[in-house]
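The structure appears right after this line, and notes come after that.
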Amino acid sequence: MTFRYLPMTDQDKKEMLETIGIETTEELFKDIPEEVRFKGRLDIEEALPEPQLVKEMGRLAAMNKNTKDYASFLGAGVYDHYTPSIVNHMLLRSEFYTAYTPYQPEISQGELQAIFEFQTMICELTGMDVANSSMYDGGTSLAEAGLLSAAQTRRKKIVVSKSVHPESRDVLKTYAKGQHLEVVEVDAENGLTSINGLRSAVDEETACVIVQYPNFFGQIEPLKEIEEIIHENKGMFVVSSNPLALGALTPPGKFGADIVVGDAQPFGIAQGFGGPHCGYFAVTNKLMRKVPGRLVGQTVDEDGKRGFVLTLQAREQHIRRDKATSNICSNQALNALAASIAMTALGKEGVKEVAHQNIQKAHYAKKVLEDKGLRTAFTGPFFNEFVIELKCSAKEVNQKLLESGIIGGYDLGLSYSELKNHMLIAVTEMRTKEEIDQLANVLEGLSCVQNISH
Amino acid sequence: MRTEHQSLIFELSKPGRVGYSIPDLDVPEVNVESIIPSDYLRTEEPELPEVSELQIVRHYTALSNRNHGVDSGFYPLGSCTMKYNPKINEDVARFPGFAHIHPLQEEGTVQGAMEMMYRLQTSLAEITGMDEVTLQPAAGAHGEWTGLMMIRAYHEANGDFNRTKVIVPDSAHGTNPASATVAGFESVTVKSDERGLVDLEDLKRVVDQDVAALMLTNPNTLGLFEEHILEMAKIIHEAGGKLYYDGANANAILGFARPGDMGFDVVHLNLHKTFTGPHGGGGPGSGPVGVKADLIPFLPKPVLVKENDVYKFEYNRPQSIGRVKPFYGNFGINVRAFTYIMTMGPDGLHQVSENAVLNANYMMRRLEPHFDLPFTQHCKHEFVLSGRRQKKLGVRTLDIAKRLLDFGYHPPTIYFPLSVEEAIMIEPTETESKETLDEFIEKMIQIAKEAEETPELVQEAPHTTVVKRLDEATAARKPILKYSKQA
């Protein structure tokens, strides 16, 4: 069988073997000891010609209920947002996606400049001084913020609110274990970080406090009060933020955050079953040289012409090896590009407008659900997510919603034992009034959610 | 490449222009100040660009024209496996049933995605000779750290808390010692011998009861197969340590040898290298990790299992190291890798490695007369030249790399591995034709000649790129990391 990605002909092979001075390619593998040579044939599926391959992959894809065919009210850290058509067109410029890390700046100015623009946009949204070129995702970015805080303060305790994404907290705990750090979780009350709980958890041994803004329940945390508690104790203030929300909300930088992390998925990145997304990592100037991952800086060439390079590389693993600030190498450059293109397309006006539509639509949804007799759980201000209380399991409700063409919300009982039968509903700019009304109508019709407020 | 001045997107901005279109708000509007306290409502707007759609398209097209990818030309970057990124992979990853599904949907609504993952992890287990594979790690370094955390959990489960050391060869990737640090270990270096292989005597010297693991790339970063792998495995295992396989160079051995058969206990693969997930200008990657049976209990959560033809994420894993990433890994990259494996099948993958190794040896032998070759045995998928002969003429490896830019090539990896003076590490991959290799070889020979006859031509390269050599020292001394209007 000949393979379309393999150009070597029999004649090529013959000539190459002659040049090397050997008879068969087998001689090139003689250094692999006989005992470890794999002599069989790999027991994997047989190759498929392109048309059959497309059919098979299409079959697998078609088995999944997708958010193009269903109206989704599922968020919990990953959202269905408007993606301008040009994002995909520009991403498919193969000079971007088939390139490696821009270690040769003279032929990588496109990628380097795009990252420089990404760094600028993240700084603008978060209100921070410095942003890196990206991290794997919001969860690992948050964990690295914990590690940076511990290294910077030489303290071992990380305080994190339970209103932070449960999966991100899990990732943090795994990273902390590696570094022998202690993770202390602070309870949430009425959907917000308990201020009293925070006060008693934070002390002079605390490296940082990590909160999410808006938090996992969609609620807007009182960053002002939280900032005072941690800075009184000279620890770091870490805020994980949905960057789209910052089109409408006061940026964490304004509240004195030392590190702002999050995921740029809301900007032009497909939900894609959870990845690849695009973590971001932003800090104050003071922490510039402690940041994990790659940074692009502006400079000039020999003729004084503006250009861009990877910079402050003395922090990184390929230079510092075991003393590096992180082990991260490949990050999410292509998704940072996607986010940049989406942020550019939305621009100053669009980011504001989309953020405000999220607020308006989510509040409308909360109101119509309440009008139908559903109880909502928390009373504080929120962005595009809120929590409803059900009489039966969220799983059951979601099954019913699915039958009406709706992907329902997140079952909070999966992560919070005290929130059994609670559902987190996300409403983005993609949901129409009609879809929201339909959600309300279907829920109203389910026996397990009726009359709950009476 | 176009050489004129390239504006930043912010410099094209003009108030009043937009590049998006969303419907007007279709729900009754409430006064936002009545629902969100004023302290939390943004007053200062973020300075994002205001540009039209065509301006955006022109901007990013211009940027792409200032970038070199595999599609632009030969990219023999050693240890990075810059092979062709199939277009069909991109199409498949964009199927709505893969791209537009939410990770927290009910499992019953995403069985196709889970089946794909299961078939991929099963294939990777077979290819590496391991017992089970997790697809969670987002990239190679993330996989290394995940693997080391599992090794730590394994030792601790045996009541063994004093294993503080991870051994790495002096030719190892920088991520190996960095990952060891993040996983809470101290890294210890083992030397290479004169043939470029791990020095067994030195290995015996550094191995003791404190050793948690030895991390090894095989073939190593010199492109040489560690022939004594079984003896090394024995030394480590007898001391109670585990053997870790860095799969960065797996492109050399598909269907020829499997880490699991060499005695490795943990393996990571870089799907963005060997299995054609594109590098994307620096990610996203995907770094699945395979383990032997005794390490299965420590796999990160959740573990994807198949029960009665239903796919499930299993969370009840008391000995697991925990979560290493939200959700289930870089699924989109995994879709691409699976598409590739299904394109090649067992015979195709075998041929991949055969051709990759033949290409590398052919180039090595043709370049041998013109450059120093520190290790003369047959190589695997890559080889390392030394530019010390040219350095004596005043032409450094960096200059050679920059001169290659003039001919439309991405240069090889340079100054790595650290153990070779003026290193030039070349990995052609199997997807390049003999004609491409020959053209590149001719240019390398020409540069070697230029180094002798007209060294300044090489020293001052590149001559044809959109910018000349950039002032990296100033960039680091006075960092400008974002655009500011007044600047």
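Assorted remarks:
- Qualifying residue in the range A:138-154 (condition: part of a loop (DSSP other than H, G, I, E, B) and in contact with a Pro (Cβ under 9 Å, 6 or more places away or on another chain)): no
- Among the residues making up the range B:363-383, a single one is more than 16 Å from B:N249 (Cα to Cα), in contact with a helix residue (DSSP H, G or I) (Cβ under 6 Å, 6 or more places away or on another chain) and in a loop (DSSP other than H, G, I, E, B): B:H370.
- Sole residue being among the aliphatic types (A, V, I, L, M) and within 7 Å of chain B (Cβ to nearest Cβ), chosen from A:L287, A:L312: A:L312
- Of the residues in the range A:329-344, at least one is more than 18 Å from the chain's Cα centre (by Cα) and crowded, with 22+ Cβ neighbours inside 10 Å.
- Of the helices (runs of 4 or more DSSP H) lying entirely inside the range B:17-131, the ones with 3 or more residues being closer than 25 Å to A:I341 by Cβ are found at B:53-65, B:87-93, B:96-99.
- A:E228 meets the conditions (1) without any contact (Cβ under 8 Å) to a residue 12 or more places away in the chain; (2) within 25 Å of B:F327 (Cβ to Cβ) in every case but one. The failed one is (2).
- Test result for A:A245, in the same structural domain as A:L147 (by TED's automatic domain parsing), out of contact with any Asp or Glu (no Cβ under 9 Å at 6 or more places or on another chain) and modelled with pLDDT of 95 or more: yes
- Members of the range B:416-439 found to be within 12 Å of chain A (Cβ to nearest Cβ), within 23 Å of B:V395 (Cα to Cα) and under 18 Å from the mean Cα position of the chain (by Cα), listed by number: B:F416, B:P417, B:E427
- Candidates in the range A:403-449 are the residues that are among the acidic types (D, E) and loosely packed, with under 15 Cβ neighbours inside 10 Å; of these, the one that is nearest to the chain's Cα centre (by Cα) is A:E418.
- B:L373 falls short of the stated requirement of being within 11 Å of chain A (Cβ to nearest Cβ) and either at negative phi or crowded, with 23+ Cβ neighbours inside 10 Å (or both).
- Residues that are farther than 25 Å from A:D80 by Cβ and over 18 Å from the mean Cα position of the chain (by Cα) were ranked within the range B:75-95; the one that is nearest to the other protein chains (Cβ to nearest Cβ) is B:I88.
- Scanning the range B:200-212 for any residue that is within 22 Å of B:T134 (Cα to Cα), hydrophobic (A, V, I, L, M, F, W, C), away from chain A (no Cβ under 14 Å) and not in a helix (DSSP H, G or I) turns up nothing.
- A:T344 facing chain B (nearest Cβ under 8 Å) and part of a helix (DSSP H, G or I): yes
- Yes/no for A:A150 being at pLDDT 95 or above, in contact with a Cys (Cβ under 6 Å, 6 or more places away or on another chain) and either crowded, with 21+ Cβ neighbours inside 10 Å or more than 7 Å from every other protein chain (Cβ to nearest Cβ) (or both): no
- Here A:V183 fulfils each of the conditions (1) surrounded by fewer than 22 Cβ atoms within 10 Å (Cβ to Cβ); (2) within 22 Å of the chain's Cα centre (by Cα); (3) in a loop (DSSP other than H, G, I, E, B); (4) not charged (D, E, K, R) apart from (3).
- Summed over the range A:316-339, the residues that are more than 8 Å from every other protein chain (Cβ to nearest Cβ) and at pLDDT below 85 give a count of 1.
- Which numbered condition A:D303 misses (of (1) part of a loop (DSSP other than H, G, I, E, B); (2) more than 8 Å from chain B (Cβ to nearest Cβ); (3) over 23 Å from the mean Cα position of the chain (by Cα)): (2)
For (1) away from every other protein chain (no Cβ under 11 Å); (2) surrounded by fewer than 24 Cβ atoms within 10 Å (Cβ to Cβ); (3) farther than 29 Å from A:T120 by Cβ; (4) in contact with a strand residue (DSSP E or B) (Cβ under 6 Å, 6 or more places away or on another chain), each residue gets a yes or a no:
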residue	(1), (2), (3), (4)
A:V171	no, no, no, no
A:E189	yes, yes, yes, no
A:G197	yes, yes, yes, yes
A:K234	yes, yes, yes, no
A:V261	yes, no, no, yes
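- Against the criterion of being surrounded by 24 or more Cβ atoms within 10 Å (Cβ to Cβ), facing chain B (nearest Cβ under 9 Å) and touching a Cys at 6+ places or on another chain (Cβ under 9 Å), A:D137 qualifies.
- Candidates A:E396, A:E353, A:E418: the one that is farther than 30 Å from A:E117 by Cβ, within 12 Å of chain B (Cβ to nearest Cβ) and charged (D, E, K, R) is A:E396.
- Summed over the range A:362-387, residues that are assigned to a helix (DSSP H, G or I) and either crowded, with 24+ Cβ neighbours inside 10 Å or not charged (D, E, K, R) (or both) total 6.
- Matching helices (runs of 4 or more DSSP H) fully within the range B:434-487 where at least 3 residues are surrounded by 17 or more Cβ atoms within 10 Å (Cβ to Cβ): B:434-453
- Complete set of residues in the range B:96-128 that are surrounded by fewer than 20 Cβ atoms within 10 Å (Cβ to Cβ) and facing another protein chain (nearest Cβ under 9 Å): B:P96, B:E106, B:G108, B:T109, B:Q111, B:E115, B:R119, B:T122, B:E126
- Restricting the range A:82-134 to residues that are part of a strand (DSSP E or B) and in contact (Cβ under 8 Å) with a residue 24 or more places away in the chain leaves a set whose member that is surrounded by the most Cβ atoms within 10 Å (Cβ to Cβ) is A:A131.
- Looking across the range A:194-217, the residues that are over 20 Å from A:S149 (Cα atoms) and either at pLDDT below 95 or not in a loop (DSSP other than H, G, I, E, B) (or both) come down to A:I195, A:N196, A:G197.
The values are calculated or read from the model by the stated rules, or taken from the named source; none is laboratory data. The structure presented is a predicted model; accordingly, all values stated were derived computationally and were not measured. Note that we place each Cβ from the backbone using ideal geometry, even for glycine, and neighbour counts take in every protein chain shown.
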